[in-house]
Structures are given as C-alpha cells and as structure tokens.
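Bear in mind these aren't lab numbers, they're just calculated from the coordinates by the rules spelled out. Here the structure is a predicted model, which means the values were calculated and not measured. Backbone-built Cβ (ideal geometry, glycine too); neighbour counts: all protein chains shown.
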C-alpha cells in the first residue's frame, strides 16, 4: 500500500526561452522535437503549456553530432512547474532547461513524456525563494518501481505565475517501507501554494551500487539506451534501514564506436548521504515512456 505524509517546514533568468505547441494531452504520452545546434556549454529553456493537472513529466534526450574524437552530451539541468491565469482559466505549465555539457557543438532530440498521477494531497505554501516543505511518499520495501513526480502549483495570477521546483529528493528504508522525501522550493515571485503527486513506473533493470561510504558518489552508464525516444527514469532502494541515498545527476550522450556505429548512452550519478555506516542500494531503472 502506498501512502503520503506531509513534512512541514518553507523567475529565474532564462537565456533562450521557447513555448512548445501543446496538443491535447492523453493520460500517458510523449512529444519529440529537436534543440537545433547548440554550442558546448550553452543552454535553452522550453515551456509546455496546458500541461494538465497532475501529469508527471520526464525529459529524455538523444544527442546527435558526436565525432570519433568527441562525444555529444546533453543534460536537463533543471525543471519546474508553473500555474498562471489565462483570463479566468487556470493553466499548468511544465518548464525545463537543457544544456550541452559536452565539448563540441551538436544537437539533441528532446522527448517529453508524461504519466498521469492520482490522489489529492494537502497544499504547502511558501514565500519566493523559500522551501515549502517535504512530502514523504511511502511504498513497500524492497521496491521494484521507480517514480516520477508532478508538482501542482496554485495561487498564480495573469501577471505573476506560481512556480515550484523539486529542490532535492532522498530515499531511505525504514521498518519495511521505502520513503521518498520530496522537498520543493518556490522559484517564482509571489507567495503561493503547491501539492505533490507521484506516478509509480515499473522498473525494467536493476543493479547494486556496491558498498558506498557516507558522503560518496558513484557514476554508471547504461549503453545502447534504445529506442532513441526512450525516456529513462531512475530511483533507488536502499538495502539497509536508515541509509539515505539520492540520484544526483542524469544525462545522455552519443558516442561513435571504433567500428563507426553510433551509440546512445544514459548516465547517472548516485550519492550516499550522511548515514551512520557504509551501505548498498539497488538502482531501479525504468522507462517513463
């Protein structure tokens, strides 16, 4: 049985900003477009309007333009949800920023995937720049699912949208349950509220982190991350009680192999936080779409 608990506590400057066309959204779906050529170190931001109340979004990337000497690498460096008034109608938007984190100018196909969520959670509220609090989502341990998270801001106006972002998410196991601590921050310009919903996604692959000491990280790659429109999401299942883990980073790259073939890879970094002792966790890889 899955359950939620609430933990009480507390516009960015965008370079290139584009609004994507938004056809009517099914409960589950995806939309693909190309970034265009992007120099190494540059970033672009896109917004998906009429995102629907309670859809959980994930972004997958398929870099293009690698050479035999250099990989083409792209990362979603942040994403957030906004709510604004269009006349008398309230609209949810999903925003995300993609960065070329490699060493060469290249491009990427972007696949935006969404899954429907369920449940009604109490609202948290925060002033601009403040942390609203932490939601605790529980499911049985050992778990075999990854999760995607939807934020539902409210209280925005036509002039000032309500905007919230996940600040961090840590996973811990306690008394036979896996707990996701989802901390959200107000990244807008007005005091407003937010709720959180989760969509569990069945994992298709898993592996052990091996022993990790507290406050250390490890990085893995998932090669041949096909099809090219696959959107990967990943969650953790600690193997011992009271050990805190998180996914610190996810990114995609294209590589030219020595035989001339191209390969898409999915990379991720896991961190073991300030737990009382060394520990291991299972990495649960799933496809959001």
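Miscellaneous remarks
- Region 16-116: C-alpha pair distances exceeding 24 Å, %: 27
- Separation of alpha-carbon centers, region 256-289 and region 184-245, rounded to whole Å: 10
- Convex hull volume of the Cα atoms of region 168-251, normalised per residue: 167 Å³.
- Beta bridges assigned by DSSP with both partners in the chain are antiparallel in approximately 95 percent of cases.
- Panel order for 190, 92, by other beta carbons found within 10 Å of each beta carbon, from fewest to most: 190, 92.
- Residue order for 229, 219, 45, fewest other beta carbons within 10 angstrom first, comes to 219, 229, 45.
- By average C-beta atoms within 10 angstrom, highest first, the peptides 174-183, 104-113: 104-113, 174-183
- Label-point gap, in nm, between residue 248 and residue 215 - each point 7 angstrom along Cα→Cβ: 1.2
- Overall form of region 79-120 per C-alpha gyration tensor (a/c, 1.5; a/b vs b/c): prolate
- Cα-based shape type of region 199-289, given that a ≥ b ≥ c are square roots of the gyration tensor eigenvalues and the cut on a/c is 1.5: prolate
- Cα Rg over Rh - region 109-245, Kirkwood: 1.00
- Taking a ≥ b ≥ c as the square roots of the Cα gyration tensor eigenvalues, the chain comes out oblate, since a/c reaches at least 1.5 and a/b does not exceed b/c.
- Residues residue 130 and residue 259, FRET efficiency given R0 of 51 Å [Cβ-Cβ distance, rounded to 0.05]: 0.45
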